[in-house]
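Below is one structure, written out as structure tokens; the observations come after it.
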Amino acid sequence: MKVDVLLGLQWGDEGKGKVVDVLTPKYDIIARFQGGPNAGHTLEFNGFKHVLHTIPSGIFHENKINVVGNGVVIDPIIFMKEIDALKDQNFNINERLVLSRKAHLILPTHKMLDAASEQAKGKKKIGSTLKGIGPTYMDKTGRNGLRIGDIESKDFREKYNNLKAKHLQLLGQFDFEFDLEEMEKEWLVAANKLKEFTLIDSEHYLNNARKESKTILAEGAQGTLLDIDFGSYPFVTSSNTVTAGACTGLGIAPNQIGEVFGIFKAYCTRVGSGPFPTELENETGELLRKAGHEFGATTGRPRRCGWIDLPALKYAIMINGVTQLIMTKADVLTSFKKIKVCTKYSYKGEQIDYLPFDVLDEEMAPVYEELEGWDEDLTGLSDISEIPASLNNYINYLEEKLETPITIVSVGPDRNQTLLREKLTI
Ligand code: GDP
Ligand code: IMO
Ligand code: MG
């Protein structure tokens, strides 16, 4: 069986967690392929809300295996907190969760380096979640990193001390105060607890599963516009958030990728710094933030809000080879008289329909088309045939412009607030 992929097409927080949870019954295995606790994936069902950071979003379903892939970076402290929160709610997750030995570890000093680097950047800061993501991936590519599998080795403590010593040297170059002792104690205890989980060579595990006709959904974190290569660099995260990242983050060959589900909000948000051509720094943006409860699931920061951006979406669809689109938060647009859609940018006196290299330095203004809004509350709908005509128009318009079918429309945060279109194929 080929491996399907679900990933974000914007700047993250598109609703990946919710939709992975909805699709999990159709799969045997859910596998996270990159990112770390910078992610916050929210799931709601039975009046219960849960935010996952490192654990894949299939965890609430019985008889499904959730894999933390080699491309993920893991902070043992945050991971164990997630585990404890799930156990408190009587979810027995140990049987459902396996961890790649090759996933890299976020050390306390990685977090401090992240904070020191952001502080030094001042106004030019990335707006990092300060979870140590950048420094951990730097150590991975710099060939210094520690991996989950190292915890099982006899000289783990020595390896840890060596890497810590390097970090302390680096930290000495910053005007940055920190207190390592307490966090280090907690970290070492949590890291040791990782041994209680099933540690696997996930590339073998997944490819064997595939050969046995098991179905696998690869779950992305962040979004395409935060990708280290294709995002709005340097205001990006430090991993490949795109479909190619599922290949390297899980050990799946490119010709074994099946459906690619690209997920986007019916409008657009961004949290942290960096360009956002359709951002609305006005009352309409404020309305979107309120209606969409647009506050970060990991940091609680208010998300910047704006209209949907088609050139950026087209770019994301191209890079990822998206075969099906999923639109979330359609309900948030209820009561907007007109809905604006950015179809082009006005840039250096021309109209362009792509994101230019120097998007940071040059003024770029979105060019909009306007569509009719709707007043109907969508959150109680149970079938796609019930949607108002203007929303149907909006969906058809987007499908045509994006040249890709929209197969799922989400109309609320709950599992059940999900409308499947007949075009959906899994
Ligand atoms: P993720 O990082 O892509 O998993 O998304 P987040 O969980 O960070 O942010 C999405 C937010 O929107 C969460 O609070 C979800 O519960 C919520 N959400 C998801 N889909 C919908 C939807 O269709 N409508 C509304 N109103 N909220 C949604
Ligand atoms: P999910 O998976 C939204 C943003 C941060 C910052 C930049 C770099 O929930 O969609 P980092 O901590 O990676 O060094 O931050 O990326 N960012 C996210 N924004 N959703 C996320 O994940 C994000 N993960 C990182 O705000 O601008
Ligand atoms: Mg999120």
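The values are calculated or read from the model by the stated rules, or taken from the named source; none is laboratory data. In this text the structure is predicted, and so the values were computed from the model without any measurement. Don't worry about glycine lacking a Cβ; one is built from the backbone with ideal geometry, like all the others, and counts go over all protein chains shown. Quick note on the areas: whole protein, heavy atoms, side chains included, nothing else; ligands and nucleic acids left out. Shrake-Rupley method; radii C 1.70, N 1.55, O 1.52, S 1.80 Å.
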| Accessible surface, per residue, of region 326-397 when the full set of protein chains is kept, probe 1.4 Å, Å² | 55
| message | I'd like to check one number: the per residue accessible area of region 70-157, probe 1.4 Å, reported in Å² as a whole number. | response | 45
| said: Can you compute the FRET efficiency between His293 and Asp353 using 1/(1 + (r/R0)^6), with r the Cβ-Cβ distance and R0 = 30 Å? Round to the nearest 0.05. | reply: 0.45
| Residue-wise HN-Hα coupling along region 17-23, computed from phi with Karplus coefficients 6.51, -1.76, 1.60 (Hz; x: Gly, Pro) | x, 4, 6, 4, 4, 5, 7
| Can you give the relative contact order of region 235-345 as a percent, counting alpha carbon pairs under 8 Å and 6+ residues apart? | 34
| Semi-axis lengths, Å, region 208-291, gyration tensor of Cα atoms, sqrt of 5 times eigenvalues | 33, 16, 8
| request: Pairs of Cα atoms under 8 Å, at least six residues apart: use those to get the relative contact order of region 321-388, whole percent. | output: 39
| task | Quickly rank 58-65, 116-123, 140-147 as a protection proxy: mean count of other C-beta atoms within 10 Å, highest first. | result | 58-65, 140-147, 116-123
| task | Run through all the Cα pairs of the chain and give the fraction in each 20 Å bin from 0, expressed as whole percent. | result | 27, 57, 16, 0
| request: Express the relative contact order of region 380-419 as a whole percentage, based on alpha carbon pairs under 8 Å and six or more residues apart in sequence. | output: 48
| task | Report the extension gain between Asn90 and Glu400 in nm, rounded to one decimal, defined as 0.36 nm multiplied by the number of residues separating them, less their alpha carbon distance. | result | 107.0 nm
| note | For Ile406, other-chain or 5+-apart residues with amide H closer than 5 Å (H placed, Pro excluded) are Leu325
| remark: Residues other than Thr269 with Cβ under 14 Å of its Cβ, Lys/Arg counted +1 and Asp/Glu -1, net out at +2
| Hey, what do the phi angles of region 208-214 turn into as Karplus ³J(HN,Hα) couplings, whole Hz, using 6.51/-1.76/1.60 and θ = phi - 60°, x for Gly and Pro? | 5, 4, 4, 5, 7, 6, 6
| note | Carbon and sulfur atoms account, in whole percent of the 1.4 Å probe accessible area of region 246-354, for 52
| said: Just to confirm a number: summing +1 for Lys and Arg and -1 for Asp and Glu over residues other than Thr298 whose beta-carbon lies under 10 angstrom from that of Thr298, what do you get? | reply: +1
| note | Nearest-0.05 FRET efficiency for Glu62 and Glu158 at R0 = 35 Å, using Cβ-Cβ distance, is 0.30
| query | Residue farthest toward the positive end of the dipole of the chain, with Cβ of Lys/Arg at +1 and Asp/Glu at -1: which of Ser238, Ala103, Leu288? | reply | Ala103
| request: Count charges around Glu62 for me, please; just the other residues with Cβ under 14 Å from its Cβ, Lys/Arg as +1, Asp/Glu as -1. | output: -1
| task | Would you mind telling me the share, in percent, of accessible area of region 1-148 contributed by carbon and sulfur at probe 1.4 angstrom? | result | 47
| field | Stretch gain in nm, segment Arg101-Asn282, where the contour uses 0.36 nm per residue and the Cα spacing is subtracted | value | 60.4 nm
